[in-house]
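A.B. asks: First, the structure itself, so that you have it in front of you.
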Amino acid sequence: MSPTVFITGASSGIGAALARHYGQRGATLGLAARRHSELVTLVQRVGANASIHAVDVANPDAIARAARDFMAAHGVPDIVVANAGISVGTHGGDEGDVQVLDRVFRVNVVGLAATLQPFVEPMRARGTGRLVGIASVAGVRGLPGAGAYSASKAAVKALMESLRLDFHGTGVRVVTLSPGYIDTPMTKKNPYPMPFLMPPDVFAAKAARAIERGTSFTVIPWQMGVAGLALRAMPNWLYDRLFARAPRKPRGLPL
């Protein structure tokens, strides 16, 4: 039986790849993103049974309404993927960095929590479901020029781990996916080499298998998981020496 799947950040990148993956397998989709026209185009290309929700996840009331509308039309989903996220360079002391940090956390962390929350009790009452959060290898350590993004993704990982404990034994599985470099519009702006760069549709297929298994945490591709373990174990003096002068993500305000 094909699943029912609700995905945020579905208009491009990883979210769109997951929508294509599930849509091509007959899933019923709820697709949420700010860009309505991009969602319409995606549904037309996939030919999926889908509802479209033009919403900014940084607005908790708006994403809660979208969740309620989706469940009223399609029932409680089998899978919810809180994927919406933004990545913007910050350089520590630049004017506007606090504004950037605030926006990044409202989308990447608060938006993730606001996406999952409306589905928790319906899934718990049913006794099954998958709540999926998208973290990042960038959350393993603070990366130069990416303090807001690295901090937000570290927070996502910790939040999802807490949720996993909260829902242990309820039948609701909490899955954290930690992408490495995936070839999306977000990474195309990076002015530095990206090892093990993966096409988004390949990522989506691997992610769907991890979601189906209910894997608690996984890094995709696995090579970046090894790199993450090495970075985590690296002493500060060596990490500082290797990365202090690394290329930075371009500075700018998120849309």
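A.B. asks: Does Val81 fit the bill of being among the hydrophobic types (A, V, I, L, M, F, W, C) and in contact with a strand residue (DSSP E or B) (Cβ under 6 Å, 6 or more places away or on another chain)?
C.D. replies: Taking the combined requirement at face value, the residue satisfies it.
A.B. asks: Considering Thr176, Thr187, which residue is in contact with a helix residue (DSSP H, G or I) (Cβ under 7 Å, 6 or more places away or on another chain) and buried (at least 16 other Cβ atoms within 10 Å of the Cβ)?
C.D. replies: The unique qualifying residue is Thr176.
A.B. asks: I would also like to ask the following. Report those helices (runs of 4 or more DSSP H) wholly inside segment 68-184 carrying at least 1 residues which are among the charged types (D, E, K, R) and more than 24 Å from Pro3 (Cβ to Cβ).
C.D. replies: The qualifying helices (runs of 4 or more DSSP H) are 97-105, 147-166.
A.B. asks: Looking for something buried (at least 20 other Cβ atoms within 10 Å of the Cβ) and of a type in the set (Gly, Ala, Ser) - is there at least one such residue anywhere in segment 34-47?
C.D. replies: no
A.B. asks: Moving on. Which members of segment 125-143 meet the condition of being surrounded by fewer than 18 Cβ atoms within 10 Å (Cβ to Cβ) and either at pLDDT below 95 or not hydrophobic (A, V, I, L, M, F, W, C) (or both)?
C.D. replies: Arg126, Gly127, Thr128, Arg141, Gly142, listed by residue number.
A.B. asks: State yes or no: is Gly171 free of Cβ contacts under 8 Å to residues at least 40 places away in the same chain and not aliphatic (A, V, I, L, M)?
C.D. replies: no
A.B. asks: Quick check, is Asp69 without any contact (Cβ under 8 Å) to a residue 60 or more places away in the chain, in contact with a strand residue (DSSP E or B) (Cβ under 9 Å, 6 or more places away or on another chain) and surrounded by fewer than 17 Cβ atoms within 10 Å (Cβ to Cβ)?
C.D. replies: Yes: the conditions hold for Asp69.
A.B. asks: Picking from Ile63, Ile79, which residue would you name as being touching a Ser or Thr at 6+ places or on another chain (Cβ under 8 Å), buried (at least 17 other Cβ atoms within 10 Å of the Cβ) and more than 26 Å from Ala205 (Cβ to Cβ)?
C.D. replies: None of the others qualify; the one that does is Ile63.
A.B. asks: Would you tally the residues in segment 38-67 being part of a helix (DSSP H, G or I) and modelled with pLDDT under 95?
C.D. replies: Total satisfying the criteria: 9.
The values are calculated or read from the model by the stated rules, or taken from the named source; none is laboratory data. In this text, all values refer to a predicted model and were calculated from it rather than measured experimentally. For neighbour counting, all protein chains shown are included, and Cβ atoms are generated from backbone atoms with ideal geometry for every residue, glycine included.
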